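All remarks here apply to the structure that follows.
Taken together, the values in this text are just the output of simple stated rules run on the coordinates, not laboratory data. Computed from a predicted model, the values in this text were never measured in an experiment. Please note: Cβ atoms are built from the backbone with ideal geometry, for glycine as well, and neighbour counts cover all protein chains shown.
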Amino acid sequence: MSVAERLSVVRARIAAAAELVGRSPADIRLVAVSKTRSASEVDAACQAGQTVFGENYVQELLNKADNVDLPVEWHFIGHLQSNKVRQIAGLVTLIHSVDRQSLAEEISRQWGRIGKCCDVLVQVNISGETTKSGTTEVDAMQLVKAVARLPHVKITGLMTMPPFFDDPEAAQPYFAALKSLSQRIAAECIPGVEMRELSMGMSGDFEVAIQEGATLVRVGTAIFGERD
Ligand SMILES: *Cc1c(COP(=O)(O)O)cnc(C)c1O
């Protein structure tokens, strides 16, 4: 199957999952995860109507962004080192992986330097697995409150990565927990904080995530095929 064919299958699955729970497919944005993929594969997906691409590594993103011909929107979804933030300031429209105050401060500093504001999601390690990035569920509220005070960063929601399961239904409690945390944060009415985005769900489990309220699904393999 071509990237265009795979994309249309993924879009149909997103629509079906949304309709199953009475949601509008238009409320779910597909982030095509293009890590390890070439600029020409990104162009091919773009030609097939895909506009948002997610990248995990700064250097890879910079190289690729230079070589992609069509206008695309980049999201940063991977672990981000503070000393690399400067290089992506203004290039990405959403950072999904803010998990600490020092990183948010650097994002604010670098976006401030170019006179802009960066939309970010706070990444929460709902499962508590030590191998996963993200703030803990307990610390999330404090982090959101602290980040909310920064001038050039705007929190628009939360992101999580559940543990890997063979059975996608097993991820459901983690997605539900992120949604519940987002509702608790929204109830605090923190100035400048919006809880409109839930970034959750990947190739193996995006339908379950949509049923639990995902507004951004990050899908790589199902669009581009297996990574080497
Ligand atoms: C690689 C990656 C994805 C996509 O994973 P697939 O299983 O290929 O869909 C999603 N989110 C993050 C943070 C990733 O690193």
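According to the square roots a ≥ b ≥ c of the eigenvalues of the Cα gyration tensor, what is the shape class of the stretch 115-228, taking rounded for a/c under 1.5, prolate for a/b larger than b/c otherwise, and oblate for the remainder?
Prolate, since a/c reaches 1.5 and a/b exceeds b/c.
Would you be so kind as to identify which of S8, V147, P162 lies farthest towards the positive end of the dipole of the chain, taking Lys and Arg as +1 and Asp and Glu as -1 on Cβ and the Cα centre as origin?
V147
Give K132/K179; K132/K154; K64/K154; K35/K145 a once-over and call out the pairs whose C-alpha atoms are over 28 Å from each other.
From K132/K179; K132/K154; K64/K154; K35/K145, over 28 Å: K35/K145.
Roughly how big is the chain's charge dipole about its Cα centre, with Cβ charges of +1 (Lys, Arg) and -1 (Asp, Glu), in debye to the nearest 20?
The calculated dipole for the chain is roughly 760 debye.
Ranked by Cβ crowding within 10 angstrom, fewest neighbours first, how are W74, W111 ordered?
W74, W111
Classify the stretch 1-106 from the C-alpha gyration tensor, please: rounded if a/c falls under 1.5, else prolate or oblate depending on whether a/b exceeds b/c.
It comes out oblate by the Cα gyration axes.
Tell me, H96, H75 in order of fewest to most beta-carbon neighbours within 10 Å?
Final ranking by Cβ density, sparse to dense: H75, H96.
Quick one: which residues, 5+ away or cross-chain, put their amide H under 5 Å from the amide H of S203? H built at 1.01 Å from N.
When sequence neighbours closer than 5 places are left aside, the close amide H contacts are G220, T221, A222.
What are the ³J(HN,Hα) couplings of the stretch 13-29, residue after residue, when phi is run through the Karplus curve with 6.51, -1.76, 1.60 and θ = phi - 60°? Round to Hz, x for glycine and proline.
With the stated coefficients, the stretch 13-29 comes to 5, 4, 4, 5, 5, 5, 5, 4, 10, x, 9, 8, x, 5, 7, 10, 9 Hz.
Which of these, P71, P168, P25, has the largest mean-square fluctuation under a Gaussian network model of the chain (Cα springs below 10 Å)?
For the chain, modelled as a Gaussian network with Cα springs under 10 Å, the answer is P71.
Please give the peptides 47-56, 115-124 ranked by average Cβ packing (other Cβ atoms within 10 Å per residue), highest first, as a rough proxy for protection.
Most protected by this proxy first, the peptides run 115-124, 47-56.
Hand me the GluC sites (Glu not before Pro) from the stretch 151-206 located in a DSSP loop with no more than 14 other Cβ atoms within 10 Å, in residue order please.
Sparse-neighbourhood loop GluC sites (Glu not before Pro): E188, E194.
Please list the non-local residues whose amide H lies under 5 Å from the amide H of V153, H modeled 1.01 Å from N, same-chain partners needing a gap of 5 or more.
C118
Would you mind ranking R184, R196, R11 so that the residue whose beta carbon has the fewest other beta carbons within 10 Å leads the list?
The order, fewest Cβ neighbours first, is R196, R184, R11.
Expressed as a whole number of Å, what is the distance separating the alpha-carbon centroids of the stretch 16-56 and the stretch 103-150?
With the stretch 103-150 and the stretch 16-56 each reduced to a Cα centre, they are spaced 24 Å.
Note the full-extension length gain between Q183 and E73 as 0.36 nm times their separation in residues minus their Cα-Cα distance, in nm to one decimal.
36.8 nm is the gain from fully extending Q183 to E73.
Top mean-square fluctuation among A176, A214, A187, Gaussian network model of the chain, C-alpha springs under 10 Å?
With Cα springs under 10 Å in the chain, the top fluctuation among A176, A214, A187 is at A187.
Which ³J(HN,Hα) values in Hz, rounded to whole numbers, follow from the phi angles of the stretch 104-110 under the Karplus curve 6.51 cos²θ - 1.76 cosθ + 1.60, where θ = phi - 60° and Gly and Pro get x?
Once rounded to whole Hz, the list reads 4, 4, 5, 4, 4, 4, 6.
Can you list residues whose amide H is under 5 Å from G54's amide H, if they're 5+ apart or on another chain and H is modeled 1.01 Å from N?
Correct list: A32, V33, S34, H75.
With a cut-off of 8 Å between alpha carbons and a minimum separation of six or more residues, what is the relative contact order of the stretch 1-143 in percent?
It rounds to 15 percent for the stretch 1-143.
Shape verdict for the chain, please, from the Cα gyration tensor: rounded (a/c under 1.5), prolate (a/b greater than b/c) or oblate.
Oblate is the answer for the chain, as a/c is 1.5 or above yet b/c matches or exceeds a/b.
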